[in-house]
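Let me begin by presenting the structure, written as C-alpha cells, before commenting on it.
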Amino acid sequence: MTLGIDIGGTTIKMGVIDEARGAVLAESSFVTPQTGAWNAASEIARHVRDLKSAYPEIDRMGVGVPGAMNRDRSLVRYPPNLLGWNEEPLKKYLEEALPEFKSIEVDNDAKVAALAEAKLGSGRGLSHFLLVTLGTGVGGAIYSTEGTFEGIYRGASGGAGEFGHTSIDFNGPKCNCGSRGCIEAYIGQQYLSDRAKKKLIDNPSIASSLRAEENELTPKIIAMAMNSGDAFAKSVFEEAGMLLGAALANAANLLDIHVFIIGGGVAEAGAVLFDQARATLHERVLANLRPIVEIRKAQFGNQAGMIGAMLLVTEANK
C-alpha cells in the first residue's frame with residue numbers, strides 16, 4: 001500500500017492505495033491551507049499520521065501538486081492558485097515533516113493524473129494523448145510514446161503541458177498566472193462561477209435560489225440547475241465546452257495529438273460540456289485531423305490524482 005496525495009487549489013485529498021489493483025482503500029480530505037508551502041506540508045503531515053494510525057505499515061507517499069516543476073521535481077514553481085507559494089522545495093518540506101517515510105515523490109498534479117489514466121484508465125493502449133484537468137485551475141499533461149521514450153513529456157525545463165495557461169484571447173480576462181485570456185481564466189472553477197454570477201443579473205435561473213441555499217455559486221450548483229432543466233445553466237456549460245474545444249483545437253494543431261482525456265470536477269457537468277467541446281474541436285482543427293480527433297472522459301475522476309501519485313512512487317522504486 002502507498003499513500004497518494006492530491007493537492008488542489010481548494011482541497012487536499014489523500015488516499016491509501018492498493019498498488020496491485022489501483023483501488024482506494026481509505027481516503028480523507030481537508031481545505032488547502034493558503035499560508036504557504038511549509039504550512040501546507042505541516043498540515044499534510046498531521047493528516048497523514050491520522051491515516052497511518054489505521055495503516056501503520058505505510059512508508060511510501062506520492063504527491064501531485066499544481067504548478068510547474070523543475071526537471072528533478074525538487075521545486076514547485078509559482079503555482080498560481082496557491083497563495084504564498086513561490087519556488088518551493090515541497091519534497092524537502094515533506095521529508096522533514098515525515099522523516100519516517102522511506103520514499104516521497106512529488107510531481108505536477110496533472111502529470112500524475114495522466115499517469116493514472118495511461119496505466120490504468122482511459123489512456124491505456126494509447127501512444128499519445130493530452131490529459132486536461134478542469135478544477136480550481138486547468139491543468140494539462142502530455143503523454144507520449146516515441147521511439148524508446150515512454151511517459152510524461154516534460155520539455156526543456158520540466159514544465160511542459162501547461163494547457164490551462166495557453167491563451168485563447170490576448171485581450172481576454174486576467175489570469176492568476178499574470179497573463180490574459182488563458183483558458184483557465186474562462187473555465188477554471190472560480191472563473192467559471194464568477195462569469196456566471198455576472199450573467200445571472202440579467203438571466204432568470206433557478207441557480208439563483210440554489211446559490212442562496214448554499215451561500216455560493218459553484219459549478220456543482222450550476223450543474224444541478226442544468227440537470228433540472230434550467231436553460232441559463234445549460235448555456236454556461238455550452239459556452240465552457242465551446243471555449244474548451246477551441247483550446248483543444250490549438251493543441252491538436254500544434255502537437256498532432258488526436259486524443260484528449262478530460263477530468264476534474266468541472267468535467268462532471270457531463271454531456272452538455274463534452275458534446276459542445278467535441279463540436280468546436282472538430283470545427284477548428286486542421287482538415288486532416290477532423291476524422292481522427294476525439295475527446296474521452298477520464299476514468300478516475302477526482303481519484304485520478306491520488307492513484308497517479310501512487311504510481312509515481314511505484315515507478316520511481318522499480
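Just how many % of Cα pairs in region 1-160 lie over 22 Å apart, if you round to the nearest whole percent?
Here the tail beyond 22 Å accounts for 41 percent of pairs.
Restricting to Cα atoms and excluding each atom paired with itself, what does the Kirkwood estimate give for region 124-298 in Å?
Numbers: mean 1/r = 0.0598 Å⁻¹.
By the Kirkwood definition, the hydrodynamic radius is 16.7 Å.
Just from its helices, what would the mean residue ellipticity at 222 nm be for the chain, if runs of 4 or more DSSP H residues each count -39500 (n - 2.57) and the sum is divided by every residue, rounded to the nearest 500 deg cm²/dmol? Please list the in-between numbers first.
Numbers: 10 runs with 121 residues, N = 318.
My calculation for the chain gives -12000 deg cm²/dmol from helical runs alone.
What is the mean projected area of the alpha carbon convex hull for the chain, to one decimal in square nanometres?
The number I arrive at for the chain is 16.7 nm².
Could you identify which residue out of Leu134, Leu82, Leu286 has the top mean-square fluctuation in a GNM of the chain using Cα springs shorter than 10 Å?
Its mean-square fluctuation being the largest, the pick is Leu286.
A 18 angstrom limit on the alpha carbon distance is what I want to check against. Which of Lys102/Lys318; Lys13/Lys174; Lys174/Lys198; Lys198/Lys234 exceed it?
Lys13/Lys174, as the Cα separations exceed 18 Å there.
Taking the inverse of the average 1/r across all pairs of different Cα atoms in region 7-46, what Kirkwood radius in Å do you get?
For region 7-46, inverting the mean 1/r across all distinct Cα pairs yields 11.1 Å.
Quote to one decimal, in nm, the extra length available between Lys92 and Ala54 on full extension: 0.36 nm per residue of separation minus the C-alpha distance between them.
Numbers: separation 38, 0.36 × 38 = 13.68 nm, distance 2.54 nm.
Result for the pair: 11.1 nm of gain on full extension.
Using a 10 Å cut-off around each Cβ, can you sort Asp256, Asp230 from fewest to most neighbouring Cβ atoms?
If I rank by nearby Cβ atoms, fewest first, I get Asp256, Asp230.
If the cut-off is a Cα-Cα distance under 12 Å, which aspartates and glutamates reach Lys111, setting aside same-chain residues fewer than 8 apart in sequence?
Once the sequence-local aspartates and glutamates are set aside, what remains near Lys111 is Asp6, Glu162.
Roughly what angle does helix 109-120 make with the longest principal axis of the chain, taking Cα atoms, 0 to 90 degrees, to the nearest 10?
80 degrees
At R0 = 22 Å, how high is the FRET efficiency between Arg77 and Leu255 if r is their beta carbon distance? Nearest 0.05 is fine.
0.50
Given the options Gly62, Gly270, Gly147, state which has the largest fluctuation in a GNM of the chain using a 10 Å cut-off (strictly under) for Cα springs.
Maximum among the listed residues: Gly147.
Go through region 77-127 and name the GluC sites (Glu not before Pro) that are in a DSSP coil and have 16 or fewer other Cβ atoms within 10 Å of their Cβ.
Within region 77-127, the qualifying GluC sites (Glu not before Pro) (loop, at most 16 other Cβ atoms within 10 Å) are Glu100.
If neighbour count is taken as other Cβ atoms inside 10 Å, put Met242, Met1, Met69 in order from fewest to most.
Numbers: Met242 19, Met1 16, Met69 22.
Ranking Met242, Met1, Met69 by Cβ neighbours within 10 Å, fewest first, gives Met1, Met242, Met69.
Between Gln34 and Asp275, what is 0.36 nm times their sequence separation minus the Cα-Cα distance? Round to one decimal in nm.
83.2 nm
For the chain, find the longest principal axis of its Cα atoms and tell me its angle to the long axis of helix 37-52, 0 to 90°, nearest 10.
For 37-52 against the chain, the angle is about 70 degrees.
Kindly put Thr148, Thr10, Thr32 in sequence by how many other C-beta atoms sit within 10 Å of each C-beta, fewest to most.
By the 10 Å Cβ count, ascending: Thr148, Thr10, Thr32.
Taking springs between alpha-carbon atoms closer than 10 angstrom, which of Asn288, Asn250, Asn227 fluctuates most in the Gaussian network model of the chain?
Per the Cα network of the chain with a 10 Å cutoff, Asn288 tops the list.
Only the coordinates and a few stated rules stand behind these numbers; no lab work does. Given the structure is predicted, the values throughout are model-derived calculations rather than measurements. Cβ coordinates were reconstructed from backbone atoms using ideal geometry, including for glycine residues, and neighbour counts include every protein chain displayed.
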